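The values are calculated or read from the model by the stated rules, or taken from the named source; none is laboratory data. Since the structure is predicted, the reported quantities are computational estimates derived from the model, not experimental observations. As a convention, Cβ positions derive from the backbone with ideal geometry for all residues, glycine included, and neighbour counts pool all protein chains shown.
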Amino acid sequence: MQAMEERDYFTDYEILKDPYAFFEAIRAHGPVYQPPGRDYLIVTGFDETLEVLKNTVDYSAIIGLQGAAAPLPFEPSGPDITNEVEAHRDQFLGGDLLVNYDDELHTKMRSLLNKLFTPSRLKANEQFIEEYSDKIVREMVAKGGCEMISEVATPFVTLVIADLLGVPAEDRQLFMDVIEAAPPPGSLDAGQNDFSSATHPLVVMGGYFAGYIQDRRANPREDILTEFAHSTFPDGSIPDLNELVKMATFLFGAGQDTSAKLLGNSIRYITDQPGLQAKLRADPSLIPQLLEEVLRLEGSTKQTARLARRDTRVGGIEIPAGTKLLLSLAAANRDPRRWDSPEDFKLDRPRIKEHVAFGRGKHVCAGAPLARVEVRVILEKFLALTSDIDLDETVHGPRGNRDLNYDASFIVRGLSELRVKLKPAPRVDLTALAYGLGLKED
């Protein structure tokens, strides 16, 4: 029988859908380990993961999207391969996207992105989040239940970021349809990795964003897209239109997926942790703590990857230039050297925000503040308008023996389906609610 650590993380469906036993088998060999027959290292240690994420001098983010298993487009040679990486950047999957940028180019482009997620901007966006979440939750409660991922999570987070960016109302449904039909990032579906395909979500949405930004440059309005279209780098230079389009498109596509998965993962814990619903209803201020612990246990991103571009060390191990590293964020967040009883859910876990679910360092997820706000608000609505939330046992089995299906992605950790039953709170007039939402006829 094949040992767990000898199985292939990138092609084994069972591991992709439930990676924790695999990562624990890897951890047993130390915080940094090269599985048999693989040409990359897997980092499971919390401290070691932080060490790599924060070291942008010795490590490149160029393989962040393609993953550590994909071959390099050149043969590494020497103690510093920085120039070779840049010379072959266009041969890496997503090498021209912000998530894979390094050094000055990353710093310049990130300076534009950070302007979208300021506290004042998120506060303005929160009114839309409040209104839309109230509408969608009331509709689901009136129906008595829903499929949480496709009916709630995906449309909700898609429209939230569409509102933040200023996507015209008439185009939002098309964006939702494109995203819902696409596999998640890191899917084993080969088409997901073909960024040149006319049907790839980033290509489809990119055409629209190009039109939006060109229009705003010619016809400024009082919206974020106008601000984005007329933005400048810290040195006063003007960004290339194509760079702005790529950034806006990737932000839209990547941001909605991770937030949608966070909502689904949170609902799963709310339904299965004894007494948790009652505690959260009695004190909604605990919801942010819930989100941080869910992010630690079931973060939407299981792993990222780095390429050593200089000879270096991590965790006391020599790392030659050209070494590929799989950074298991999921394993780092369950490292027993850092977290007491790491597999247990603890609502009051000390120093919980130190998890690495959103990464760390210069490449930390820019959309993390938005994800926290939008998921918090909609959970407040679900808890306020219901007296009980439970999974549909006819689909997912009884509590303690759930049958849950996760996306087969080497990047994303998220449920592909979550059917829930919703019992309205005593003060909610279900009949009036159904009429008001057009779910019943006179």
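Taking only the range 68-98 into account, find how many residues are under 26 Å from Asp335 (Cα atoms) and touching a Leu at 6+ places or on another chain (Cβ under 7 Å).
Number of matching residues: 1.
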Against the conditions (1) in contact with a Lys or Arg (Cβ under 9 Å, 6 or more places away or on another chain); (2) modelled with pLDDT under 90; (3) more than 17 Å from Ala368 (Cα to Cα); (4) not small (Gly, Ala, Ser), where does Cys146 fall short? Just the number, please. (2)
Members of the range 1-21 that are over 19 Å from Glu343 (Cβ atoms), among the aliphatic types (A, V, I, L, M) and in a helix (DSSP H, G or I): Leu16
Tell me, which helices (runs of 4 or more DSSP H) lie completely within the range 251-352 with 2 or more residues that are surrounded by fewer than 22 Cβ atoms within 10 Å (Cβ to Cβ), in contact (Cβ under 8 Å) with a residue 60 or more places away in the chain and basic (Lys, Arg)? 276-282
May I ask you to list the residues in the range 214-225 that are hydrophobic (A, V, I, L, M, F, W, C) and over 25 Å from the mean Cα position of the chain (by Cα)? Ala218
Does Tyr13 qualify as being under 26 Å from Ala408 (Cβ atoms), hydroxyl-bearing (Ser, Thr, Tyr) and either surrounded by 17 or more Cβ atoms within 10 Å (Cβ to Cβ) or touching an Asp or Glu at 6+ places or on another chain (Cβ under 6 Å) (or both)? no
Being in contact with a helix residue (DSSP H, G or I) (Cβ under 8 Å, 6 or more places away or on another chain) and either in a helix (DSSP H, G or I) or of a type in the set (Phe, Trp, Tyr) (or both) is the filter here, so list the residues in the range 22-47 that pass it. Phe22, Phe23, Glu24, Ala25, Ile26, Arg27, Tyr33, Phe46
Restricting to the range 225-249, what's the tally of residues that are assigned to a helix (DSSP H, G or I) and surrounded by fewer than 20 Cβ atoms within 10 Å (Cβ to Cβ)? 5
Being small (Gly, Ala, Ser) and under 29 Å from Leu97 (Cβ atoms) narrows Gly37, Gly30, Gly45 down to just Gly45
I want to confirm something. Restricting to the range 60-75 and keeping residues that are more than 20 Å from Pro35 (Cβ to Cβ), of a type outside the set (S, T, N, Q) and more than 17 Å from the chain's Cα centre (by Cα), which single residue is surrounded by the most Cβ atoms within 10 Å (Cβ to Cβ)? Ile62
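Has the range 58-73 got at least one residue that is part of a helix (DSSP H, G or I) and touching an Asp or Glu at 6+ places or on another chain (Cβ under 6 Å)? Spell out how you get there, then give the answer.
Step one: list which residues in the range 58-73 are part of a helix (DSSP H, G or I), which gives none.
Among the residues of the range 58-73, not one is part of a helix (DSSP H, G or I) and touching an Asp or Glu at 6+ places or on another chain (Cβ under 6 Å), which makes the answer no.
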What's the total number of residues in the range 287-312 that are within 12 Å of Val356 (Cβ to Cβ) and either in contact with an Asp or Glu (Cβ under 8 Å, 6 or more places away or on another chain) or among the hydroxyl-bearing types (Ser, Thr, Tyr) (or both)? 2
Being surrounded by 19 or more Cβ atoms within 10 Å (Cβ to Cβ) and part of a helix (DSSP H, G or I): is that true of Thr107 here? no
Verdict on Ala28 being surrounded by fewer than 20 Cβ atoms within 10 Å (Cβ to Cβ), over 24 Å from the mean Cα position of the chain (by Cα) and at pLDDT 95 or above: yes
Does the range 389-396 include one or more residues that are of a type in the set (D, E, K, R), at pLDDT below 95, farther than 28 Å from Leu251 by Cβ and out of contact with any Gly (no Cβ under 6 Å at 6 or more places or on another chain)? no
Please indicate, with yes or no, whether at least one residue in the range 331-350 is within 23 Å of the chain's Cα centre (by Cα), within 30 Å of Glu139 (Cβ to Cβ) and modelled with pLDDT of 95 or more. yes
Can you tell me how many residues in the range 400-412 are touching a Leu at 6+ places or on another chain (Cβ under 9 Å) and modelled with pLDDT of 90 or more? 6
